[in-house]
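Values quoted throughout were computed directly from the atomic coordinates according to the rules given, and no laboratory measurement underlies them. Only a predicted model underlies this, so the values are computations on that prediction, with no experimental measurement involved. Glycine gets a Cβ as well: all are built from the backbone with ideal geometry, and neighbour counts include every protein chain shown.
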Amino acid sequence: MTATAPILVFMGPAGTGKSTVAGMLAGRLGWDFQEGDDLHPAVNVAKMAAGHALNDDDRWPWLDRVAAWIDGEIAAGRPGVITCSALRRSYRDVLRRDGVTFVLLMGDPKLVLDRLLRRQGHFMPPALLSSQFETLEIPDADEQAIQIDLDLTPGEQVQEVIDRLQLTHSPS
């Protein structure tokens, strides 16, 4: 393989549908998928579940785990999809590699809050959503990123990503 296999990092605040859309896309394309939340150290999950926002010291070990997953996919020459809020440029800098594209799912914070209020069984409480929107730094033009509108259905979002990035199914 002459070019690096693509890696997509689905990013944005909690409740934007990163896991849903990323999982659908990975399934449709036959790509590896990793739920980034599963890479959080237990102490991070407990902190968020208790209603406390993570600080940078909490995030670095998690971002290192996300980066290690990306590196493993790249080393194996496999395309992949991973979720990670990646709210700040400095966080994305830890994950940035040749072949990595950030996919920001973005829309009205009120819509996102409504989704969070209806979500069951997730450690991220809706009370922390405002801190995520305050932390979010929209990717700059020099970052390899696209933005997808939350007004689209998840299926339409998947198709938008495929079309804009010209992605194709990878045989197993």
Counted neighbours (other Cβ, 10 Å), sorted fewest up, put 11, 48 in the order 48, 11
Please arrange 133, 102 by counting, for each residue, the other beta carbons lying within 10 Å of its beta carbon, fewest first. 133, 102
Neighbour-count order for 105, 63, fewest beta carbons within 10 angstrom listed first: 63, 105
With +1 on each Lys and Arg Cβ and -1 on each Asp and Glu Cβ, and nothing else charged, work out how big the dipole of the chain is about its Cα centre, in Debye to the nearest 20. 340
If contacts are Cα pairs under 8 angstrom and at least 6 residues apart, what is the relative contact order of the chain in percent? 37
Can you compute the modelled spin-label distance between residue 55 and residue 163, with each label point 7 Å from Cα toward Cβ, in nm? 4.5
Whole percent per 5 Å bin, from 0 to the bin with the longest distance: what is P(r) over all C-alpha pairs of the chain? 1, 8, 18, 23, 22, 16, 8, 3, 1, 0
With eigenvalues of the C-alpha gyration tensor scaled by 5 and rooted, region 1-92, Å: 24, 15, 11
Give me the dipole magnitude in Debye, nearest 20, for region 20-84 about the Cα centre, with unit charges on the beta carbon: positive for Lys and Arg, negative for Asp and Glu. 180
